[in-house]
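Asker: This is the structure I want to talk about, given as structure tokens.
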Amino acid sequence: MMQIAQLEFDREMVERAYDRWAPIYDLVFGGVFSKGRRAAILATNSIGGRVLEVGVGTGISLPQYAPNLRVFGTDISEAMLGKAKARVAELGLKNIEGLAVMDAEKLEFPDNSFDVVMAQYVVTAVPNPEAALNEFARVLRPGGEIILLSRVSADAGMRRFIEQWLQPVVRQLGWRSEFAWSRYAQWAAGAHGVELVERRPVPPLGHFSLIRFRKAA
Ligand SMILES: C[S@@+](CC[C@H](N)C(=O)[O-])C[C@H]1O[C@@H](n2cnc3c(N)ncnc32)[C@H](O)[C@@H]1O
């Protein structure tokens, strides 16, 4: 069942969905996710160094990175990235090393390139989340952290029922309502040399989590 859902979640569909979201994205998703983003950026700033933000979108988080960081942002939606580029130019952000169209599942960076790989509300939007997570671990330096903001769906009960029921609808909008913690746990248990450092619910409603994995030094 999960396999079929994954196959149906293709890159072109996600690209189209976010190209459509781009003009109104900040208006709709700016405030509602702001507390989670603040927590993720705080964790990133405390590590420092070179940061890859995958699925950077409109660049809504870019002004919050500490000035001494070097941040590279990637996304598959040209329209979302266009907004991010305009923001960097408008605010004169000097710590943004680059912004490029790139698939999270095929990152065009050498191994061990970044101190932090950060993805906010992205893992549940990519067609093959585990392939993207593999790439995050590959480009991360030993001792560095993967910092994620992610939907984590309920394991049982009415919420789980609603999330399953909503899945075909939200898929068209560009994300999954159903994404169990077991997928992260199974991925981390594979041979990636990562360990879970933190998993903490964040607003809205605690349906999302801040998740941190560290790559063994
Ligand atoms: C829900 S938005 C999150 C945007 C931003 N990170 C934020 O905090 O608001 C998901 C973003 O992931 C991007 N995305 C989806 N699939 C992707 C992929 N395979 N590779 C890179 N970016 C992807 C979308 O284009 C979109 O900009």
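Asker: Quickly run through the stretch 69-92 and pick out the residues that are among the aliphatic types (A, V, I, L, M) and either within 16 Å of the ligand (Cβ to nearest atom) or within 23 Å of PHE136 (Cβ to Cβ) (or both). Full working, then the answer.
Answerer: Going through the stretch 69-92, the residues among the aliphatic types (A, V, I, L, M) turn out to be 69, 71, 76, 79-81, 84, 86, 88-89, 91.
Once the filter is applied, which keeps residues that are among the aliphatic types (A, V, I, L, M) and either within 16 Å of the ligand (Cβ to nearest atom) or within 23 Å of PHE136 (Cβ to Cβ) (or both), the stretch 69-92 yields LEU69, VAL71, ILE76, ALA79, MET80, LEU81, ALA84, ALA86, VAL88.
Asker: Continuing with this model, one more query. What residue, of GLY82, GLY73, GLY59, is within 25 Å of GLU12 (Cα to Cα), touching a residue at least 40 places away in the same chain (Cβ under 8 Å) and surrounded by 22 or more Cβ atoms within 10 Å (Cβ to Cβ)? Reasoning before the result, please.
Answerer: Numbers: GLY82 fails: surrounded by 22 or more Cβ atoms within 10 Å (Cβ to Cβ); GLY73 fails: touching a residue at least 40 places away in the same chain (Cβ under 8 Å).
GLY59 is the lone residue from the list that is within 25 Å of GLU12 (Cα to Cα), touching a residue at least 40 places away in the same chain (Cβ under 8 Å) and surrounded by 22 or more Cβ atoms within 10 Å (Cβ to Cβ).
Asker: Could you give me the residue pairs with C-beta distances under 7 Å whose first residue belongs to the stretch 24-48 and is under 24 Å from GLU198 (Cα atoms), whose second residue is polar (S, T, N, Q) and more than 12 Å from the ligand (Cβ to nearest atom) wherever it lies, and which are 6+ apart or on separate chains?
Answerer: Close Cβ pairs satisfying both conditions: GLY48/ASN68.
Asker: So for the stretch 105-120 (the condition being polar (S, T, N, Q) and within 14 Å of VAL56 (Cα to Cα)), does at least one residue qualify? Show your work before the answer.
Answerer: To start, the set of residues in the stretch 105-120 that are polar (S, T, N, Q) comprises 112-113, 120.
Add one more test, that the residue is within 14 Å of VAL56 (Cα to Cα), and what stays is 120.
Yes, some residue in the stretch 105-120 is polar (S, T, N, Q) and within 14 Å of VAL56 (Cα to Cα).
Every number in this text was worked out from the coordinates using simple rules, so none of it is lab data. Remember, predicted model here, so these are calculated numbers, not experimental data. Virtual Cβ from ideal backbone geometry, glycine too; neighbours counted across all protein chains shown.
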